[in-house]
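What follows is calculated from the coordinates using simple rules that are stated; it is not laboratory data. Given the structure is predicted, the values throughout are model-derived calculations rather than measurements. When we count neighbours, we look across all protein chains shown, and the Cβ atoms used for this are built from the backbone with ideal geometry, even at glycine.
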Amino acid sequence: MTKIDVTQPILALGGKPFVGEGGRPQLLRDVLVNVLAQSDPQKKVSAKDKIRQGKLAEKIFGNDEVELDAEQVAQLKHLVGDGYPNTILVMRVCEMLDPPVSE
């Protein structure tokens, strides 16, 4: 299990946060809850998977830190990659979910 602070702002290349609704910094929590709450009508997603995604969205939305297992991290990285066109935002979110191991 990995503990992740979902209140972290997502930083653009210049080091300033991406801007979300109302001009406030876009947080990791915002992006994760957004992708979990969306469903691509072109992809067949079972009710069971939608419920699992909804429960994970509730868990993330209601906490400042969440513990995620490897499967949840992989799912979130996949959903963010599919759901957001901005490559820098996707890269930053993936790094926040699964930080590179420092040597």
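If you average the sequence gap of Cα pairs under 8 Å that are 6 or more apart and divide by the length of region 2-97, what percent do you get for the contact order?
Working: 100 pairs, mean separation 36.2, N = 96.
Across region 2-97, relative contact order equals 38 percent.
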> If you rank Val93, Val45 by fewest surrounding Cβ atoms within 10 Å, what's the result?
Replying inline: Val45, Val93
>> With θ taken as phi - 60° and the coefficients 6.51, -1.76 and 1.60, list the Karplus ³J(HN,Hα) couplings across region 76-81 in order, rounded to whole Hz; mark glycine and proline as x.
In response: 5, 4, 5, 5, 5, x
> Using modelled backbone amide H atoms (1.01 Å from N, in-plane), which distant-in-sequence or interchain residues come within less than 5 Å of Ala12's amide H?
Replying inline: Phe18
> Roughly how many whole Å is it from the C-alpha centroid of region 44-103 to that of region 1-40?
Replying inline: 11
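At a 10 Å Cβ-Cβ cut-off, how would you order Met1, Met91, Met96, fewest neighbours first?
Ranked by crowding around the Cβ, least crowded first: Met1, Met91, Met96.
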> For region 59-73, what does the Karplus curve 6.51 cos²θ - 1.76 cosθ + 1.60, with θ = phi - 60°, yield as ³J(HN,Hα) per residue in whole Hz, taken in order and with x for Gly and Pro?
Replying inline: 4, 5, 4, x, 9, 7, 10, 10, 9, 10, 8, 4, 5, 5, 4
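Can you give the longest run of the chain that contains no trypsin sites (Lys or Arg not before Pro) sitting in a DSSP loop with at most 12 other Cβ atoms inside 10 Å? Before the final figure, lay out the partial values.
Numbers: sites that count: Lys43, Lys44.
It works out to 45-103.
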> So which of Lys55/Lys77; Lys16/Lys50; Lys16/Lys77 end up more than 28 Å apart, counting from Cα to Cα?
Replying inline: Lys16/Lys50
